[in-house]
Structures are given as structure tokens and as C-alpha cells.
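A.B. asks: Below is one structure. I have some questions about it.
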Amino acid sequence: PIGRTNEVLTSCLFMRKDVKVSPHRVKLLIDRKYLDTDCNAARSVHSDQSKIALVCGFGLDYQGWPKASGAIINPKADMAMTPVEGATAAATGWTSYTVEKKSEKARISAIFRTMREKGILDKNNISDPTKGIFQSDTGEITLHCKERRLEVKTPRTEGATINPGKQVKLGTLAILACDEPATVALCSVDGKDLVDSRRMLLIFSTFAVNTDMELSDNMLVLRKLGKYPVLMKTASLKLQLKKVQGTYKLYALGFDGSRREELPVAKSANGLDISINTAELKNGPTT
């Protein structure tokens with residue numbers, strides 16, 4: 001159920017293009033010398049350079065040999081840099097990890113300072129890598145690493161990951177309370193901006209496991225796969241749709257989109273107030 005819900009959210013954000021395409025590009029210049037040096041070692045660029053992809057377009061420019069058929073030839077870039085070797089990769093039968101190397105050349109604060117000087121990140125962008133905050137150059141996607149919170153704010157879709165005891169206030173959607181870690185999002189279905197939309201999809205996505213599934217305490221080791229049916233974590237949610245006026249009805253939906261039951265919606269001076277407890281739904285929890 002969580003994977004299917006993620007597909008719906010992805011279709012709105014990226015396939016429908018609610019999130020704007022980044023207007024900027026940074027390219028990493030890769031030449032033969034870099035690839036031919038110690039070619040048997042599994043290497044990666046420094047993770048500080050990789051974090052550029054969190055805020056704008058980021059790609060590789062292979063130099064010194066013909067481009068592959070269909071490849072974009074020398075795409076325009078706002079900034080170019082050479083790779084700083086930052087890590088070696090190691091793998092087990094089921095996992096892989098990197099061993100990072102320290103490098104003054106790849107300090108993330110210096111990289112982002114240069115990006116601001118070149119206008120890739122404007123004065124309103126709140127990215128601060130020293131605090132673990134990364135905001136896309138369009139201002140629509142913000143990652144707060146230390147708080148483990150991801151926010152998306154576009155005219156037609158808003159949402160956030162949220163931890164218990166926290167609040168997230170976006171443009172139209174205000175998540176006031178949630179008692180379990182979850183993703184909460186609101187998507188316009190009729191193509192209008194959320195504040196004017198007459199049909200919206202509310203997503204409340206928690207966590208799912210199989211019946212009789214067994215995991216280690218830290219949930220990193222799978223001891224027993226389990227069986228059907230899939231079990232979904234129930235949770236309570238309070239939210240407000242700000243500046244949304246008019247009469248609306250709210251339904252819990254099945255995964256085929258059918259209406260299972262009607263849920264209460266309350267009008268307030270600020271918009272619409274909604275409270276949901278998925279443990280109390282008549283036909284079981286749903287996203």
C-alpha cells in the first residue's frame with residue numbers, strides 16, 4: 001500500500017510536473033585520466049559534491065572521447081567542477097556502503113558559497129549545508145536532514161514527512177498533529193491550484209509490514225518474510241486546509257479509488273479542519 005501511494009504522489013509531483021524543472025545545471029568534468037587511474041578500485045566522488053543534486057540539476061560531462069548516440073552534446077552549465085575522489089565502495093552479499101575520505105577541496109560550505117555567487121541559489125534560498133538544510137533552486141522542495149523532514153510546496157501539490165509531536169505549515173496544507181511517523185500530502189485532482197480546487201486527494205501514508213513478519217529491533221535485518229495480508233500502521237492526524245472556502249465532503253478511499261465511507265469535515269474561520277484516526281475506519285486503514 002505504501003509503494004502504490006508513493007506512485008500516486010510521484011505521478012503528481014513529477015509526471016504531471018507540479019514540481020518545476022530546475023533552471024540551473026552543475027556539471028562534473030570526467031576525463032580519461034580520472035577513470036584510468038586505479039581503474040580496478042570501486043570509487044565514487046565525494047559525498048559533498050553529490051549533495052549538489054539536492055538543490056539543482058547535476059550531471060556528468062565525459063571529456064576526451066565521442067559522445068554516445070543520442071547524448072546531449074555539451075549541455076549548458078552554470079558551473080563546472082572536477083571530481084574530488086571521496087570514497088571507496090565496499091559490498092556484502094546484500095548491502096553496499098562507502099568509506100568516506102576527508103577532503104578540504106570538497107567542503108560543502110565552499111561549494112554552496114560559489115553556487116550563490118554564480119546565482120544558482122538566490123538570496124531567498126534557505127539552503128545551509130552546515131545545518132543539514134537543502135532547498136531546491138525553485139524553492140519547492142526542502143530537506144531538513146537533522147529533523148528528518150522533507151517538505152514539498154507547489155501550487156497543485158503540498159506535502160511533508162512528519163514525526164510525532166511536530167507541526168508542518170505549508171501554503172494551503174497545515175499539518176497540526178500526527179502521532180506516528182508519516183507522509184502527509186494534498187494533491188489537486190482537477191488541475192486547479194489547491195486553494196481553488198474542488199476535487200483534492202489527501203494522502204496519509206504510514207508504514208506497512210507483512211503478517212507474521214519478523215525484523216531485528218533496529219529494523220535493518222529481515223528474519224522472517226511473513227505472509228499476506230499486509231498490515232498497515234494506524235495513526236491519528238489533525239490538519240487544516242487554509243483559505244479553502246466552500247462546502248466539501250471527505251471520503252476514505254479504497255486502493256481502486258472507490259469510496260469506502262464519508263468522514264467529517266469542519267469549517268473554521270481559517271478554512272477546513274480535518275481529524276482522522278485510521279484505526280477507526282470501518283473497512284480498515286487506507287492511505
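The values are calculated or read from the model by the stated rules, or taken from the named source; none is laboratory data. Keep in mind it's a predicted model, so treat the numbers as computed, not measured. Every residue, glycine as well, gets a Cβ built from its backbone with ideal geometry; the counts of neighbours run over all protein chains shown. In case anyone asks, the SASA skips ligands and DNA or RNA and just uses the protein heavy atoms, side chains included. Shrake-Rupley method; radii C 1.70, N 1.55, O 1.52, S 1.80 Å.
A.B. asks: Scan segment 150-165 for residues that are surrounded by fewer than 16 Cβ atoms within 10 Å (Cβ to Cβ) and touching a Lys or Arg at 6+ places or on another chain (Cβ under 8 Å) and jot them down. Walk me through how you get there before you give the answer.
C.D. replies: The initial filter retains those residues of segment 150-165 that are surrounded by fewer than 16 Cβ atoms within 10 Å (Cβ to Cβ), namely 163-165.
Passing the criteria: only ASN163.
A.B. asks: Going through ILE126, ILE120 one at a time, which residue ends up being in a loop (DSSP other than H, G, I, E, B), β-branched (Val, Ile, Thr), at pLDDT 95 or above and surrounded by fewer than 21 Cβ atoms within 10 Å (Cβ to Cβ)? Don't jump to the end; show me each part of the working.
C.D. replies: On the way: ILE120 fails: surrounded by fewer than 21 Cβ atoms within 10 Å (Cβ to Cβ).
Exactly one of ILE126, ILE120 is in a loop (DSSP other than H, G, I, E, B), β-branched (Val, Ile, Thr), at pLDDT 95 or above and surrounded by fewer than 21 Cβ atoms within 10 Å (Cβ to Cβ), namely ILE126.
A.B. asks: Which residues, taken from segment 236-254, are within 15 Å of LEU201 (Cα to Cα) and either among the small types (Gly, Ala, Ser) or open to solvent by 80 Å² or more (accessible area, probe 1.4 Å) (or both)?
C.D. replies: LYS249, ALA252, GLY254
A.B. asks: Quick one: ARG260 ticks every box in (1) open to solvent by 70 Å² or more (accessible area, probe 1.4 Å); (2) under 26 Å from ASN163 (Cα atoms); (3) touching a strand residue (DSSP E or B) at 6+ places or on another chain (Cβ under 9 Å) bar one, so which box is it?
C.D. replies: Going through (1) open to solvent by 70 Å² or more (accessible area, probe 1.4 Å); (2) under 26 Å from ASN163 (Cα atoms); (3) touching a strand residue (DSSP E or B) at 6+ places or on another chain (Cβ under 9 Å) one by one, ARG260 breaks only (2).
A.B. asks: Between a residue in segment 62-83 that is over 9 Å from ARG25 (Cα atoms) and among the small types (Gly, Ala, Ser) and any residue that is modelled with pLDDT of 80 or more and open to solvent by 70 Å² or more (accessible area, probe 1.4 Å), which pairs come within a Cβ distance under 7 Å, given they are 6 or more apart or on different chains?
C.D. replies: Note: pairs meeting the criteria are GLY64/ARG32.
A.B. asks: Taking LEU143 as the residue in question, decide whether it is part of a strand (DSSP E or B), touching a residue at least 24 places away in the same chain (Cβ under 8 Å) and open to solvent by 30 Å² or more (accessible area, probe 1.4 Å).
C.D. replies: On the way: part of a strand (DSSP E or B): yes; touching a residue at least 24 places away in the same chain (Cβ under 8 Å): yes; open to solvent by 30 Å² or more (accessible area, probe 1.4 Å): yes.
For LEU143, the condition - part of a strand (DSSP E or B), touching a residue at least 24 places away in the same chain (Cβ under 8 Å) and open to solvent by 30 Å² or more (accessible area, probe 1.4 Å) - is met.
A.B. asks: Just need a number here: residues in segment 1-19 that are charged (D, E, K, R), in a loop (DSSP other than H, G, I, E, B) and within 14 Å of the chain's Cα centre (by Cα). Outline the logic, then answer.
C.D. replies: Of the residues in segment 1-19, the ones charged (D, E, K, R) are 4, 7, 16-18.
Those left that are additionally in a loop (DSSP other than H, G, I, E, B): 16-18.
Cutting the leftovers down to within 14 Å of the chain's Cα centre (by Cα) gives us 18.
Final tally of qualifying residues: 1.
A.B. asks: Something else: Where residues in segment 15-37 are hydrophobic (A, V, I, L, M, F, W, C) and out of contact with any helix residue (DSSP H, G or I) (no Cβ under 9 Å at 6 or more places or on another chain), which of them is least open to solvent (accessible area, probe 1.4 Å)? Give the steps one after another, and end with the answer.
C.D. replies: Start the filter on segment 15-37 by keeping residues that are hydrophobic (A, V, I, L, M, F, W, C), which leaves 15, 19, 21, 26, 28-30, 35.
Now restrict to residues that are out of contact with any helix residue (DSSP H, G or I) (no Cβ under 9 Å at 6 or more places or on another chain): 15, 21, 29-30, 35.
Details: MET15: 152, VAL21: 123, LEU29: 40, ILE30: 9, LEU35: 75 Å².
Only one residue tops the list, namely ILE30.
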